[in-house]
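In what follows, a single structure is set out as structure tokens and then discussed.
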Amino acid sequence: MSHERVLVVDDERDYLQLMQSHLQRRGYQVHTAMNGQEAMARLQNGESFEVMVTDLMMPEMDGLELLREARGLDPMLEVVVISGAGTLESAISSMRAGGAFDYLPKPLETITDLSAAVERAAAHRQLRLDKERLQAQVAAERERLAAVMDNTGDAILAANADGVVTVANPTACQLIGRDHPVGKDVHACLPSQLLAFLANWQAYERQQPTITEMPWPTGSTYMASLTAIQGEDEESIGGWVMVLRDITQHKLLNEMKMRLLFQSADKLRAPLAHAISTLVELNELPEAHGEAFTGAVEAIMNRLSSIRTWTDDLFHLVQSEAGIGAEPERLDLAEVTREYERFLEEGLVTEKGLHLDVIVESTPPIFADADLARSLLQRLVRQAAWRAPRASDLRLHVGSQRGQAWVEVADEGVAIFEEEAPQRFERYFGADPDPSGATGLELALVKTLADRTGGQLWIWSHKPQGNTFAVGFPAAT
């Protein structure tokens, strides 16, 4: 049952009453007027109606004039015009010029045509109201979002599928040094480090959400996240959103803690070496033939060796972060890999019976320290070996992609979840030695070495099994 208020206007009383009684039987609240002036008086007195039904030809104020003035008072009022056969052109004109929703011939073919037209008009009005309400909500949400973006400390950038910037908040404008980047091509307004990050993501990450640390030329460090915007269908990409958060202070605090640990580790290195050599000598004494004695010595040596490995890794980590080492030089990463390949198959790879498949293709030259590059290769392989099940396969691929040199190391271990990826580079040291020999600093070292060589580090998981760690290096210019 309908409850909409309907105003029916006609100067023929019998026809007016016929329409009124029919619409009332259909559940409408019907009010009547004998002419246009009476109808306008109702509207001007504040009465509201969902639908108005009016005859076109009336004395003093015809239906077209009533239509225009009524919709001037209430733009959401829907109007159905009733027109005699001789005024069909006027009825059509009223629909186009005055905004009438529908018109009906007079006399009506069947009275139900009237209620059907009123029902359609009321439904159309409701759709317009819903659209207006939703548009108001969207506008309010847009204003709130704009206020949040304008006042956040994070830099927020977005672009469409054509690579045109669509969003850039004030923090982002300040960061990239552009006042009005919106509407411009990303290659014309984004700095090189963001373009490289974007290109690597598009080429390697297959446009999955990703997070990485990004050193900035000013000395700051940003945590950059990049997420695709879904296109019109599920398989298409409609653009991307990038958020950069300044984590410089966090990095500085972390560096202070690392330096304190470094000082402690540096003091421990010599006593540890002496303790290990003493244990070796003690184990070689003639009296040391008991199984319990030998087991105790081995346990102590394993613990001391674990601590020594950690102190060595910490020493190298702090050295790398402090920039201590040889100056970068023009380097052929493929050549370095071929020369160092036989060393990569030693240690844990051999102990666990792993098969290391090394694929080396030509790469563009990069600027890096050769020792750091070799250390990076070794630690990437060691990390993969620690994760890999025994007798499984490892793959080291060195090649080029989009003008950059790439190192990829894949294992068949348990997949790393996306939310865990950022924590994989945190520095830690467990109280008990890891059975694999890991100290908790290996990936932190990989990350630092990648930063030192100007590369970007990526993690790609193959659920449920397998991970790929990759580093992309910019070509030397």
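Selection among Leu23, Ala41, Ser83 by position relative to the dipole of region 19-146 gives Leu23 as farthest towards the positive end (Cβ unit charges, Cα centre). Taken as Cα centroids, region 453-476 and region 210-235 sit 15 Å apart, rounded to the nearest whole angstrom.
Multiply the residue gap between Gln208 and Ile300 by 0.36 nm, knock off their C-alpha separation, and tell me the result in nm, one decimal place. Provide the component values of the computation, followed by the final result.
Working: separation 92, 0.36 × 92 = 33.12 nm, distance 4.59 nm.
Length difference between fully extended and current span is 28.5 nm.
Annotation for Leu145 and Asp162: the two label points, set 7 Å from Cα along the Cα-Cβ direction, are 2.0 nm apart. Between Glu232 and His250, residue separation times 0.36 nm minus the direct Cα-Cα distance comes to 2.5 nm. With each label modelled as a point 7 angstrom along the Cα→C-beta vector, the Asp113-Glu69 pair spans 2.8 nm. Along region 454-468 the Karplus relation, 6.51 cos²θ - 1.76 cosθ + 1.60 evaluated at θ = phi - 60°, assigns HN-Hα couplings of x, x, 10, 9, 10, 10, 10, 9, 10, 5, x, 10, x, 9, 10 Hz to successive residues, with x for each Gly and Pro. A simple spin-label model places pseudo-atoms 7 Å from Cα toward Cβ; at Ser225 and Tyr340 they are separated by 3.3 nm. Between Ala41 and Gln17, what is 0.36 nm times their sequence separation minus the Cα-Cα distance? Round to one decimal in nm. Once the chain is fully extended between Ala41 and Gln17, it gains 6.7 nm.
Amide hydrogen proximity for Ile82: with H placed 1.01 Å from N in the peptide plane, the residues at 5 or more positions away or on another chain lying under 5 Å are Thr54, Asp55, Leu56, Leu104. If you plug the beta carbon distance of Glu132 and Gln401 into 1/(1 + (r/R0)^6) with R0 = 41 Å, you get a FRET efficiency near 0.20. For region 352-400 versus region 127-159, the inter-centroid distance based on Cα atoms is 47 Å.
The numbers here are math on the coordinates, done by the rules we state, and not lab data. Quantities reported herein were computed from a predicted structural model and do not represent experimental measurements. Please note: Cβ atoms are built from the backbone with ideal geometry, for glycine as well, and neighbour counts cover all protein chains shown.
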